[in-house]
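One structure is given here, and the rest of the page talks about it.
Every number here is computed from the coordinates shown, using simple stated rules; none is lab data. Quantities reported herein were computed from a predicted structural model and do not represent experimental measurements. With ideal geometry, Cβ positions are generated from the backbone for all residues, glycine too; neighbour counts draw on all protein chains shown.
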Amino acid sequence: MTPHAAVEHPSRPLALASEFSYDVLAELYNNTRVDYIVPMPMNAAKMREYVTLYDVALDHSFVALDGHGQPVGLGMMGVRGQRAWITRLGILPSQRGRGLGQSLMDAMLGAAGSSGCHTLQLEVIHGNDPARRLFEVNGFTHVRDVLVVRRPPRTGQTSPLFDPSIQLQDLSAIQIERCLAARTDTPTWLDETPSVLKRGNLRGLSAIDPHGRASWLVYHAGLLQLSHFVFGPYIDEGVARALLFAAHNAHPKSDTKIENVPADSPYWPVMMSMGYLSTFTRQEMVLTR
C-alpha cells in the first residue's frame, strides 16, 4: 500500500480524503455505518455524485488511519463561501472509543478556520447520542429538527384533490431559476439552491388562487423518484395541496423522498394528509465563531 501523507495531529494519524479513490471512500463510509441507525449505503458513483452536488472539499476532508496506515474513519466537509458543512463522519466499530472522532473533528474545524469559514453546520440523526455529544462538546448547538419523508407512488386517482379554482401552470427553466433566486426559506445544506441546481432535471409549478395570491414548487424529477422539493411562500392549505397534487399527478409511478423538511413547516401537515410519512428525524446543529 502506498504510504499516505500524514496530517499533523497531536494524537492520531490522519490523511487527506483527496488521497483516496471514490471506491475506497465509499467502502470506508459503508463500513463505518454497518451498525448505524440509518446505514444509507453508497458506491463509488454515488460518492462522486455526493461530493459534486454538495461541494465537498476532499482536501478539507480527512481519513483516520490505524497503526498500519489502514483507513478506519472518515470525516467530510463541504465549503461554500464562509460556511462549512460537516458530513459523513464515522469510525469503524472496532476502532471506536479511541478518540478518532475527535481527531477528525479537530482536523475539519482547523481546515474550516484556515479557509475563513465562520459558520459550520451539520445534521445528526435523532437518537445518535454519541455523535450528538461529540458535536456538543465541540460547540455545536441544536437549532431545529428536520424530517426525512417519503410518499409511495399512487395510481388510479382520477378526481382532483384540490380546489379547481386554483390556476396551475408549469414553470420554464428561467422561471425556475428566478423562483429559486427569490427563496425566503432557510434550507439545510442538502436542499440549498446550489445543491438543487446541481441536481438538475428540475420541474416547477406555479399556483394562483382566486384572490390572486401565488406560490410555487420546484423539485427534481428522477427516473423513478422525486426529490429536492423547494416550496414557495405558504399561502394556505388549498394552494399547498394543489401544488403537491399537480406534481404527483405528473409522475404517478414515481416514489418520493424529500430530505430535511423542517418539522415546523406549514407544508408538513398538508403533506401528511396526502400520504407522506416521516421515516426519521435529524437534528440540525450550528457552530458560529
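Structure above, values below:
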read-out	value
Around VAL239: net Lys/Arg minus Asp/Glu count, Cβ-Cβ under 9 Å	-2
Using alpha-carbon coordinates, inclination of helix 100-114 to the longest axis of the chain, degrees	70
Residue order, fewest to most beta carbons within 10 Å, for MET105, MET285	MET105, MET285
Crossing angle, helix 22-32 versus the chain [Cα axis fit, 0-90 degrees, rounded to tens]	90
FRET efficiency for ASN249 and ASP129, using Cβ-Cβ distance with R0 set to 45 Å, rounded to 0.05	0.60
Only Lys, Arg (+1) and Asp, Glu (-1) charged, at Cβ; the chain dipole about Cα centre in debye	220
SER94/THR281 FRET efficiency (R0 35 Å; Cβ-Cβ; nearest 0.05)	0.75
Cα radius of gyration and Dmax for the chain (Å)	20.9, 69
Relative contact order [Cα under 8 Å, 6+ residues apart], the chain, whole percent	20
Estimated FRET transfer efficiency when R0 is 51 angstrom, pair ASP170-ASP66 (beta carbons, to 0.05)	0.40
